[in-house]
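K.L.:
This structure is in structure tokens; I'll ask about it shortly.
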Amino acid sequence: MNKIVEFGLGEGSKLLKNKCNYLHSIEIIVNPEQLGWAEYVKSELKDYGENYRQSTIEHKDTWDDSLKEKIDEVFEEQYDLAFVDSGCHCRGDYRDWE
């Protein structure tokens with residue numbers, strides 16, 4: 001697999017990165033505490049250098065045209081696989097990363 005984009009990031013990001021040449025991880029931020037989680041994951045994957053990209057999309061917990069536009073921008077780049085981790089939680093079980 002050459003290029004993967006994933007929505008939702010974390011421990012699975014490491015697995016995906018080891019299976020492809022380029023990984024773009026995206027966290028849709030609906031709770032400000034998620035920014036800390038995104039920074040933690042970024043620090044865990046820092047050794048991947050230019051082959052790893054992380055983005056955050058800050059948005060309210062609703063689907064609307066502005067969110068669709070932000071996601072459409074992601075797909076201006078070509079990917080071989082899009083992976084969606086549909087879990088929804090506030091990362092309260094990961095307080096050790098603070």
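K.L.:
Looking at the stretch 74-98 only, could you name the residues that are at pLDDT 85 or above, surrounded by 11 or more Cβ atoms within 10 Å (Cβ to Cβ) and not hydrophobic (A, V, I, L, M, F, W, C)?
P.N.:
Of the residues in the stretch 74-98, the ones at pLDDT 85 or above are 74-84.
Still in the running and surrounded by 11 or more Cβ atoms within 10 Å (Cβ to Cβ): 74, 77, 79-83.
Answer for the stretch 74-98, where residues must be at pLDDT 85 or above, surrounded by 11 or more Cβ atoms within 10 Å (Cβ to Cβ) and not hydrophobic (A, V, I, L, M, F, W, C): E77, Y79, D80.
K.L.:
May I ask you to say which residue of Y40, Y22 is in contact with a Lys or Arg (Cβ under 7 Å, 6 or more places away or on another chain) and among the aromatic types (F, W, Y)?
P.N.:
Within the list Y40, Y22, the selection yields Y22.
K.L.:
I need a count of the residues in the stretch 66-86 that are of a type in the set (F, W, Y) and either closer than 14 Å to S55 by Cβ or touching a Lys or Arg at 6+ places or on another chain (Cβ under 9 Å) (or both).
P.N.:
Of the residues in that region, 2 qualify.
K.L.:
While we're on this one: When H24 is evaluated against the numbered criteria (1) more than 10 Å from the chain's Cα centre (by Cα); (2) open to solvent by less than 10 Å² (accessible area, probe 1.4 Å), which criterion, by number, is the only one it fails?
P.N.:
(1)
Every residue, every condition in (1) at pLDDT below 85; (2) touching a Cys at 6+ places or on another chain (Cβ under 8 Å); (3) open to solvent by less than 40 Å² (accessible area, probe 1.4 Å), yes or no:
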position	(1), (2), (3)
E6	no, no, yes
E33	yes, yes, no
E44	no, no, no
S66	yes, no, no
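K.L.:
Could you please find all residues in the stretch 46-63 being surrounded by 13 or more Cβ atoms within 10 Å (Cβ to Cβ) and of a type in the set (A, V, I, L, M, F, W, C)?
P.N.:
I57
The values are calculated or read from the model by the stated rules, or taken from the named source; none is laboratory data. Being a predicted model, the structure only gives us computed values, none of them experimental. Neighbour counts run over all protein chains shown; Cβ positions are idealised from the backbone, glycine included. We work out accessible area using only protein heavy atoms, side chains counted, and drop any ligands, DNA or RNA first. Shrake-Rupley method; radii C 1.70, N 1.55, O 1.52, S 1.80 Å.
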